[in-house]
Amino acid sequence: MSHIGDVMERIASLMSAGEIPPTPANYEFWYRYVTGADPELVEAIDAIMRTAGRVSPRAMDNVRRELYGGGGRGTLNRLLDDARRQLEALENFVGRTEASTRDYRVALDDGQQVLASSVTLEKQRAMLAEMVRATNAMMQKTKRLEKDLANSSHQIDRLKADLEIARSESRTDPLTGLANRKACIDYLDAQILRARVEMRCLAAVFLDIDHFKHFNDSFGHRMGDEVLRLVAQSLERFCHGVGFPARWGGEEFIVVVPGRSIAEVAELAERFRAFIASRTVRAKQSHRDVGRITVSLGVAQLNLDETAQDLVDRADAMLYEAKTGGRNRVAVAWPAGQEQAAA
């Protein structure tokens, strides 16, 4: 499209179809799509359109987060706008209810006074007719208000569900589906308290994909994303029922393992290292093998006087030792006297 009027009309149509709020950031997003300024964005949106026929705010936020990062604020702002609208609707509902009730009460009071006074039969009949009319009107208003209230209740239920999804997404890494750093820190803090109370073991495994920047530079960021997903999915399988895996950031991952000895955790780390090293990465579209990847891992066990950051730092130091020692290996911060027993 070349004419700005056509572009804006197309943008408005797409946003209207998806019920997307007309914010400047959203206009900018759709301008890049309509003008074809970002081929990856066009590809992602076209795929959604083929499947769903429209792009919802949530789908738009997912694409924005996937391609550009930082989509969470847009989602949060949308939910806050929805909450504000629902509060305004409830306030309006309460105001209308109070006004209708007040008018009806006045009508009944007036009628009662007239009927109690010594007025003619004709005036009494007229007042009764007016009271019947007011009652019918009140019944109609009540039905409309009940309908509005039911609709508002439905919208609130939907908003609660959206807020729960947003809460979950705020603790999930959007690329890999693993827990993010914030969720991991919360989990680690809770497990440290439990380890102190129950006097049980707690370990952390810090791992990093070897030469990841070189892989990205050689095969592109999309292939790099596939590698991150492969490692994440493998971690989930290996750690199921054993530990809590999370993406720490970039190509770094962490696994918190409660209730297992450091020897058991070191064995788990070594099995995971060997499994990843045995895999061949294949491009989804071309089905071309693009090589092997390896990971380096550092393992540390909590000392009961340590903080979460202390444990993470020691596991990270072990990761650095594994890296400097040649990569594709596991380095363990063995407690005094345990390394020989585990060997």
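Mind listing just one residue for me: the one in region 183-212 that is free of Cβ contacts under 8 Å to residues at least 40 places away in the same chain and charged (D, E, K, R) and, of those, farthest from GLU226 (Cα to Cα)?
The qualifying residue farthest from GLU226 (Cα to Cα) is GLU198.
For region 213-239, what are the residues that are without any contact (Cβ under 8 Å) to a residue 40 or more places away in the chain and either hydrophobic (A, V, I, L, M, F, W, C) or touching a His at 6+ places or on another chain (Cβ under 9 Å) (or both)?
PHE238, CYS239, listed by residue number.
Of a type in the set (Val, Ile, Thr) and either in contact (Cβ under 8 Å) with a residue 24 or more places away in the chain or touching a His at 6+ places or on another chain (Cβ under 8 Å) (or both), is that true of VAL242?
Taking the combined requirement at face value, the residue satisfies it.
For VAL332, work out the one condition from (1) of a type outside the set (Asp, Glu); (2) over 20 Å from ARG247 (Cβ atoms); (3) under 29 Å from the mean Cα position of the chain (by Cα); (4) modelled with pLDDT of 95 or more it doesn't fulfil.
(3)
In region 273-290, how many are surrounded by 13 or more Cβ atoms within 10 Å (Cβ to Cβ) and either more than 15 Å from ARG329 (Cβ to Cβ) or modelled with pLDDT under 90 (or both)?
5
Which one is nearest to ALA300 (Cα to Cα), of the residues in region 210-242 that are among the hydrophobic types (A, V, I, L, M, F, W, C) and over 25 Å from the mean Cα position of the chain (by Cα)?
Filtering first and then ranking leaves PHE212.
The values are calculated or read from the model by the stated rules, or taken from the named source; none is laboratory data. In this text, all values refer to a predicted model and were calculated from it rather than measured experimentally. All Cβ positions, even for glycine, are placed from backbone atoms using ideal geometry, and neighbour counts span all protein chains on display.
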